[in-house]
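Take a look at the structure set out below.
The values are calculated or read from the model by the stated rules, or taken from the named source; none is laboratory data. On a predicted model such as this, the values are computed, not experimentally measured, just so you know. Here the Cβ positions follow ideal geometry from the backbone for every residue, glycine too, while neighbour counts run over all protein chains shown.
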Amino acid sequence: MSSRTLAAAREPGSPVAVLLPGAGYPVAAPLLAWSGAVLAARGWHVEAVTWSFDARSGEGDPVPLIEEEAVAARESARAAGAHGPCVVVAKSLGTLALPWALREGLTGAWLTPLSTDGAVRTALADAGPEHLVVAGDADPFWRPAGLVARADVATVPGADHGLTLGDDWRASLAAQSAVFERLDAWAAQFDA
């Protein structure tokens, strides 16, 4: 397991965020880095996972390893003295943890979820309004047709799997800024 603390909780009861990266999208990439910064600014403990397996190899089922790494990151935060409610902030491959999070009673912000995966799709339908789902309508992994979701779903018009809008960096920056504002508002439900 490999995780590191990006921000320590201001108070022992502050919420804990476990950041789960994509296959080729590390926690230092914009969507997760800024999400971590938003939550750190709220006083949260932010624990960031780095995969210790080659998620892009396509060999075997990555779900058990993703779940194992998420559990270890949560335990690392607890060992550091962060005892508030735990949430997951996941991007792409990390959203394969959604079924596990529901089983554990954890809420999450699911950035560009892999709705093409059957287990993720079922979990998206089961996730309640306390969950945040953000996807681009030009993302080939986002297939909202037929998905009845109760979660708070934000669709970014024209955005791809990285929530970017082609080569228009200004529009991409504005769209992602709106996502971080939405994440900040979502996070307020966990503050004491």
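Restricting ALA145, ALA149, ALA178 to residues that are surrounded by 15 or more Cβ atoms within 10 Å (Cβ to Cβ), of a type in the set (A, V, I, L, M) and over 14 Å from the mean Cα position of the chain (by Cα) narrows the list to ALA149. Please verify whether ALA109 is in contact (Cβ under 8 Å) with a residue 60 or more places away in the chain, of a type in the set (A, V, I, L, M, F, W, C) and in contact with a His (Cβ under 8 Å, 6 or more places away or on another chain), treating the condition exactly as stated. Yes, satisfied.
Here TRP142 passes the criteria (1) hydrophobic (A, V, I, L, M, F, W, C); (2) touching a residue at least 12 places away in the same chain (Cβ under 8 Å); (3) out of contact with any Leu (no Cβ under 9 Å at 6 or more places or on another chain) except the one numbered (3). Among the residues of the stretch 66-94, which ones are within 16 Å of the chain's Cα centre (by Cα) and without any contact (Cβ under 8 Å) to a residue 40 or more places away in the chain? If the condition is that a residue be within 16 Å of the chain's Cα centre (by Cα) and without any contact (Cβ under 8 Å) to a residue 40 or more places away in the chain, then GLU67, VAL71 are the ones that fit.
Selection of the stretch 19-60 for residues being at pLDDT below 95 and farther than 19 Å from SER2 by Cα yields GLY58, GLU59, GLY60.
The test for being of a type in the set (Phe, Trp, Tyr), in a helix (DSSP H, G or I) and farther than 19 Å from VAL27 by Cα holds for TRP100. Taken over the stretch 97-106, the residue count meeting the criterion of being more than 10 Å from the chain's Cα centre (by Cα) and within 18 Å of GLU47 (Cα to Cα) is 4.
For the stretch 156-172, indicate whether the set of residues that are surrounded by 15 or more Cβ atoms within 10 Å (Cβ to Cβ), free of Cβ contacts under 8 Å to residues at least 24 places away in the same chain and part of a strand (DSSP E or B) is non-empty. Yes, that holds for at least one residue. Filtering the stretch 127-142 to residues that are closer than 19 Å to VAL88 by Cβ and either among the β-branched types (Val, Ile, Thr) or surrounded by 14 or more Cβ atoms within 10 Å (Cβ to Cβ) (or both) leaves ALA127, GLU130, HIS131, LEU132, VAL133, VAL134, ALA135, PHE141, TRP142.
Checked against (1) touching a residue at least 12 places away in the same chain (Cβ under 8 Å); (2) assigned to a loop (DSSP other than H, G, I, E, B); (3) hydrophobic (A, V, I, L, M, F, W, C), ALA28 passes all but condition (1).
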